[in-house]
Amino acid sequence: MKKAGFTQAWLPILLLVPQLSIILIFFYWPAAQAVQSSFYLQDPFGFGSTFVGADNYTDLLGNAEYKRIAWFTVIFTVSVTFLSLSLALLLAVKADKVIRGAKGYRTLLMWVYAVAPPVAGFIGLIMFNQSWGPITRTFAALGHDLKIGVNYWDTAGAMIAVSVWKQIPVNFIFFLSGLQSIPRSVREAALIDNRSASSRFWGVTFPLLAPTGFFLLIINITYALFDTFGVIDTLVKGEPGNNPMTLVYKVYVDGFRGNDLGGSSAQSVILMVLVLALTVFQFRMVERRIHYT
Amino acid sequence: MAQVSLNNVQKVYPNGFQALHPTGFEVADGEFVVLVGPSGCGKSTLLRMIAGLEDITDGSLHIGDRVVNHVDPADRDIAMVFQNYALYPHMTVRKNIAYGLQNRKIAKDVIAGKVAEAAEMLNLNDYLDRKPSQLSGGQRQRVAMGRAIVRDPSVFLFDEPLSNLDAKLRNQMRVEIKALQRRLGVTSIYVTHDQVEAMTMADRIIVMNAGRIEQIGTPSEVYHRPASTFVASFMGAPPMNMLPGVAENGAAHLFDLPIADQVAARGEVIVGIRPEDLIPDATGPLAIEVDHIEDLGAHRLLHGALRDARLTVHVSKDVEVAHGPLRVAIKPDAVSVFDVTSGARL
């Protein structure tokens, strides 16, 4: 077979320039900037900066508040990931069984996917509104006085709830298509081999969903860590004080509210390393196992 | 071991489509019954109803002495072999075979013994720790068989188990499955659209068409005394020759030649003659114009015209043949006569 190729060297380069320049300008350049400014202490009014070496990093690692927020981020990420995956799986399994009106249910369940994070946060604000939010009222009826923006764990709960709600459709779509790609005859064979529906699910269906599940696990961790910014921003806006926040939100608060660009950059760099580790882990895992044909 | 009996069993889908008209038959203990018919004739639906994978709209289904209409597939004491094998891709061959036993609270050493026995029987010993994706089609088919055998069920159900294999392997597995069934003596119901499989494997064949049973009989009965024109043309390759005939005075005539007696009907009929029942004979009563010869090695097929009807003659490789006129005789008692409108045997 004849190998197709370019006759001139400059043509492929020219074709790559738009994509490469976008990556360079919007990803590598800011990343380099962040790494550089993480070693400086910036004047709050922008008049100059002083080289301080690794001080920004050592400050962070010794900082009790940073540790607290890091812990909260872990709790938040684990909760959001676990809840959004398990609820989506439950919904997908149920939707997969529906025969009549299946399309309608599926569309309704995917709908939330189209909601932008700040809008989701805003809907959350309405639902959790102190005086007339339906969720607040429900809790009040159950005897709990929900105080979003005042009570630390109430706010955390609302942040988790809205983030989970926003993420369920994505997981649902993937799980549903994962379920539907399991050959019907394999499930029927299991039906003959095993009387118990739950044992069939954990013994046959769930392992066959593992590739989808693992992919979603990484996607969800990334989502909970980074993409929940909009939700959190809307829910705690203007009231940073005692409210819970994640590491990503703290980068923003310290850098743009506190004008501590150096410290904020150091936090960004730490997060960059985290993402890098996560990505490497994902590629390793995907290459090594959880692959069926 | 058990017999299976169906009583007026039928299947109507929610959209009103009648996949299976009321059907009844019995499969004796240890019998190998083949359901055969073209795609969409309802044979797979029928098998899946026996397995419990499809609801039975009406009628009753017995396996052994139980009515199993509303019994879970897992409790019907059946094992099924699927067309695409339906192996569990995440389990090793060993686990695939053992899965059905593990869920029935059977002691581990008993399971291990049964798996070893099945693996021995099916030549799977070297593959027990492999995943299905590392096996060839024939090996996967054997694993699916193993999964059925270890369960020691009352009934084996086969849903076109060989149609995903290549021709050579298909012939080999056909013999293996039949031999295995004979050895185990398990009542078996086997669905196929391949009439060769039906002819070679079955104790009895059930020919289906458009949701109805056309004929139930031994392979020889179905082949030599087809109950309808459908059966006559579906079973046998090339199909039976169908020629226009006339019945009068208690006999059927093919172009004025009396060829079958004791025919009660009058008027137009269809005369069916198997290609191998037409024998080249210089003094034969039929004059055929041969216009095409297919040489298949062991035998030849002569295609030609008898007046304005087309027909095929099957001759062995030793017979001299040529294009042009040929006189043939009809083997005595080898003629079937069918009703023109209903297609039923007269």
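What shape does region A:75-245 have by the C-alpha gyration tensor, where a ≥ b ≥ c are the square roots of the eigenvalues, rounded means a/c under 1.5, and otherwise prolate means a/b greater than b/c and oblate the rest?
Prolate, since a/c reaches 1.5 and a/b exceeds b/c.
At B:Val340 and A:Trp111, where each label point lies 7 Å from the Cα along Cα→Cβ, what is the point-to-point distance in nanometres?
6.4
Under unit Cβ charges (Lys, Arg +1; Asp, Glu -1), what dipole magnitude, rounded to 20 debye, does chain B have relative to its Cα centre?
1380
Put +1 on the Cβ of every Lys and Arg and -1 on every Asp and Glu Cβ in region A:75-245; which of A:Gly101, A:Leu90, A:Asn242 then has its Cα farthest towards the positive end of the dipole?
Farthest towards the positive pole: A:Gly101.
Which residue fluctuates the most in chain A, going by a Gaussian network model with Cα springs under 10 Å, if the choices are A:Val164, A:Val78, A:Val248?
A:Val78
Between A:Lys94 and A:Leu14, what's the calculated FRET efficiency when r is the beta-carbon distance and R0 is 41 Å? Round to 0.05.
0.20
How big is the shadow of the Cα convex hull of region A:194-254, averaged over all directions, in nm²?
6.1
With all protein chains present, calculate the accessible area of A:Arg68 using a 1.4 Å probe and round the result to the nearest 10 Å².
My reading of the accessible area for A:Arg68 is about 120 Å².
Rank-order B:114-121, A:46-53 by packing density, defined as the average count of other C-beta atoms within 10 Å over each peptide's residues, highest first. Kindly include the intermediate steps, with their values, before the conclusion.
Details: B:114-121: 17.8, A:46-53: 10.5.
By packing density, highest mean first, the sequence is B:114-121, A:46-53.
Sequence gap at least 6, Cα distance under 8 Å: using those rules, report the relative contact order of region B:192-346 to the nearest whole percent.
Result for region B:192-346 is 21 percent.
With springs connecting C-alpha atoms under 10 Å apart, model chain A as a Gaussian network and identify which of A:Ser196, A:Ser177, A:Ser131 has the largest mean-square fluctuation.
Evaluated over chain A, the most mobile residue of the options is A:Ser196.
Taking only DSSP H segments of four or more residues, each worth -39500 (n - 2.57), what value at 222 nm results for the protein assembly as shown once the sum is divided by all its residues, to the nearest 500 deg cm²/dmol?
Values: 22 runs with 280 residues, N = 639.
Taken over the protein assembly as shown, the calculation gives -14000 deg cm²/dmol.
Length gain on complete extension for the stretch B:Arg183 to B:Thr283, per 0.36 nm per residue less the alpha carbon to alpha carbon distance?
In short, 31.0 nm is gained.
Once both labels are modelled 7 Å past Cα along the beta-carbon direction, what's the B:Ala107-A:Lys237 spacing in nm?
Taking the two extended label points, one gets 7.1 nm.
Please name whichever of A:Ile135, A:Ser177, A:Ala64 sits farthest to the positive end of the charge dipole of chain A, dipole taken about the Cα centre and charges placed at Cβ: Lys and Arg +1, Asp and Glu -1.
So the residue we want is A:Ser177.
For A:Phe82 and B:Ser233, what is the calculated FRET efficiency with R₀ set at 56 Å and r taken between the beta-carbons, to the nearest 0.05?
0.35
In the structure displayed, which of B:Lys108/B:Lys178; B:Lys11/B:Lys108; A:Lys94/B:Lys11 lie more than 32 Å apart, Cα to Cα?
B:Lys11/B:Lys108
Pick out the long, greasy-scoring helices in chain B: whole DSSP H runs spanning 15 Å or more along their own axis by Cα, mean Kyte-Doolittle at least -1.0.
Correct list, ordered by number: B:108-121, B:137-150, B:167-184.
Below 8 Å, C-alpha to C-alpha, sequence gap of six or more: please give me the relative contact order for chain A in percent.
28
Treating the Cα atoms of the protein assembly as shown as identical point scatterers in vacuum, please give the log10 of the normalised Debye intensity I(q)/I(0) at q = 0.06 Å⁻¹, two decimals.
-0.58
Charges only on Cβ, +1 for Lys and Arg, -1 for Asp and Glu: so what's the dipole of region A:75-245 about the Cα centre, in debye to the nearest 20?
The dipole of region A:75-245 has a size of about 680 debye.
Projected onto the charge dipole of chain B (+1 at Lys/Arg Cβ, -1 at Asp/Glu Cβ, origin at the Cα centre), which of B:Ala202, B:Phe156, B:Gln262 gives the Cα projection farthest towards the positive end?
B:Phe156
Ranked by accessible surface with a 1.4 Å probe, highest first, in what order do A:Lys67, B:Lys105 come?
B:Lys105, A:Lys67
Please average, across the residues of B:79-88, the number of beta carbons from any other chain that are within 10 Å of each residue's own beta carbon, and give a whole number.
5
Which one, A:Asn194, A:Asn151, A:Asn63, has the greatest fluctuation when you compute a Gaussian network model over chain A with C-alpha springs under 10 angstrom?
A:Asn194
Do you know the relative contact order of region A:75-245, to the nearest whole percent, from alpha carbon pairs under 8 angstrom that are 6+ apart?
Worked out over region A:75-245, it gives 39 percent.
Assuming a ≥ b ≥ c are the square roots of the Cα gyration tensor eigenvalues, decide whether region A:9-102 counts as rounded (a/c under 1.5), prolate (otherwise, with a/b larger than b/c) or oblate.
Verdict is oblate for region A:9-102.
Return the distance in nm (one decimal) between the two label points of a simple spin-label model at A:Arg257 and B:Arg130, each offset 7 Å from Cα along Cα→Cβ.
6.2
Give me, ordered by chain and number, the residues 5 or more places off B:Val269 or on other chains with an amide H under 5 Å from its own placed amide H.
Amide H to amide H, under 5 Å and 5 or more residues apart or across chains, B:Val269 pairs with B:Gly245, B:Val246, B:Ala247.
Once you average over the residues of B:131-140, how many Cβ atoms of partner chains fall within 10 Å of each Cβ? Could you put the intermediate results ahead of the total?
Details: counts 2, 2, 3, 1, 0, 0, 0, 0, 0, 0.
Rounded to a whole number, the mean comes out at 1.
How do A:Glu188, B:Glu221, B:Glu26, B:Glu320 stack up against each other in accessible area, from largest to smallest, with a 1.4 angstrom probe?
Numbers: A:Glu188 20, B:Glu221 90, B:Glu26 115, B:Glu320 170 Å².
Per-residue accessible area, sorted high to low, gives B:Glu320, B:Glu26, B:Glu221, A:Glu188.
Taking the full set of protein chains and a 1.4 angstrom probe, give the accessible area of B:Asp261 in square angstrom, rounded to the nearest 10.
110
Nearest 20 debye, what's the magnitude of the dipole of the protein assembly as shown about its Cα centre given +1 on Lys and Arg Cβ and -1 on Asp and Glu Cβ?
Dipole of the protein assembly as shown, to the nearest 20 debye: 1540 debye.
When Cβ neighbours within 10 Å are restricted to other protein chains, what is their mean count per residue of peptide B:94-107?
Mean partner-chain Cβ count within 10 Å for B:94-107: 2.
Determine one quarter of the surface area of the Cα convex hull of region B:88-188, which equals its mean projected area, and express it in nm² to one decimal.
So the mean shadow area of the Cα hull is 6.3 nm².
Just check chain A against the gyration tensor rule for me: Cα atoms, a ≥ b ≥ c as the square roots of the eigenvalues, rounded for a/c under 1.5, and otherwise prolate or oblate depending on whether a/b exceeds b/c.
It comes out oblate by the Cα gyration axes.
The values are calculated or read from the model by the stated rules, or taken from the named source; none is laboratory data. The structure displayed is predicted, hence computed values, not measured ones. For neighbour counting, all protein chains shown are included, and Cβ atoms are generated from backbone atoms with ideal geometry for every residue, glycine included. Heads up: the accessible areas ignore ligands, DNA and RNA and are worked out on the full protein's heavy atoms, side chains in. Shrake-Rupley method; radii C 1.70, N 1.55, O 1.52, S 1.80 Å.
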